[in-house]
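Below: the structure, in structure tokens.
The values are calculated or read from the model by the stated rules, or taken from the named source; none is laboratory data. Bear in mind that the values here come from a model prediction, so they are computed numbers and not experimental data. Neighbour counts run over all protein chains shown; Cβ positions are idealised from the backbone, glycine included. Remember, those area values only see protein heavy atoms, side chains included, never the ligands or the DNA or RNA. Shrake-Rupley method; radii C 1.70, N 1.55, O 1.52, S 1.80 Å.
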Amino acid sequence: MLKLSQTGDDALNALCYIADHSPEVVQIRDIAQYHRVSESCLRLIIADLAKAKIVETKQWRWGGVFLRKKASEISIYDILLAVGEELGIVDCTRWAYCERKEKCYSTYILSNLQRWMHSLLKMQTIDKIIKK
């Protein structure tokens, strides 16, 4: 089953913090202090999120990070994918070829569950989380 890594958890928390302070530019050190995470690890996460065009960073005197999209347009799926989370349920639902696929009864169920889980993660957006 999907197991969220520390990186995935930190990415979700960071984005919720940024969205909660939007449209302000947020300092990475403030996010790190608030969530008690390593600033250097958070910088790597932010770099992945910037590469995925979810956030944007500014490197000037009052530089920081801010959302590149509206919070309602950023799904949990996009965030987890951007930071390299493994979103597969089991190996056979991730790979295109499985030698047992034709004789396996659980592949159909697991594939449907995989699609359902991805759909659910795509429907859940940052704005819904910060409103809770």
Per DSSP loop assignment and a cutoff of at most 13 other beta carbons within 10 Å, the chain keeps its longest run without exposed chymotrypsin sites (Phe, Trp or Tyr not before Pro) at 1-59
Subtracting the Cα-Cα distance of CYS104 and ARG36 from 0.36 nm times their residue separation yields 20.0 nm
Length-normalised contact order of the chain, Cα under 8 Å, at least 6 apart, in percent, tallies to 31
Cross-link reach from LYS70 to aspartates and glutamates, straight Cα distance under 14 Å and at least 8 residues apart if same chain, gives ASP20, GLU24, GLU56, ASP78, ASP127
Rounded to one decimal in Å, the inverse mean reciprocal Cα-Cα distance for the chain, i.e. its Kirkwood radius, is 16.0
Residue span SER22 to ALA50: 0.36 nm per residue of separation minus Cα-Cα distance leaves a gain in nm of 8.5 nm
Heavy-atom accessible area with a 1.4 angstrom probe orders SER111, SER40, most exposed first, as SER40, SER111
The answer for trypsin sites (Lys or Arg not before Pro) in segment 15-45 that fall in a DSSP coil and have at most 14 neighbouring Cβ atoms within 10 Å is ARG36
Per the helix-only model, the chain has a calculated mean residue ellipticity at 222 nm (DSSP H runs of ≥4, -39500 (n - 2.57) each, divided over all residues, rounded to the nearest 500) of -15500 deg cm²/dmol
Between THR57 and ARG115, the FRET efficiency computed from the C-beta separation at R0 = 35 Å comes out, to the nearest 0.05, as 0.55
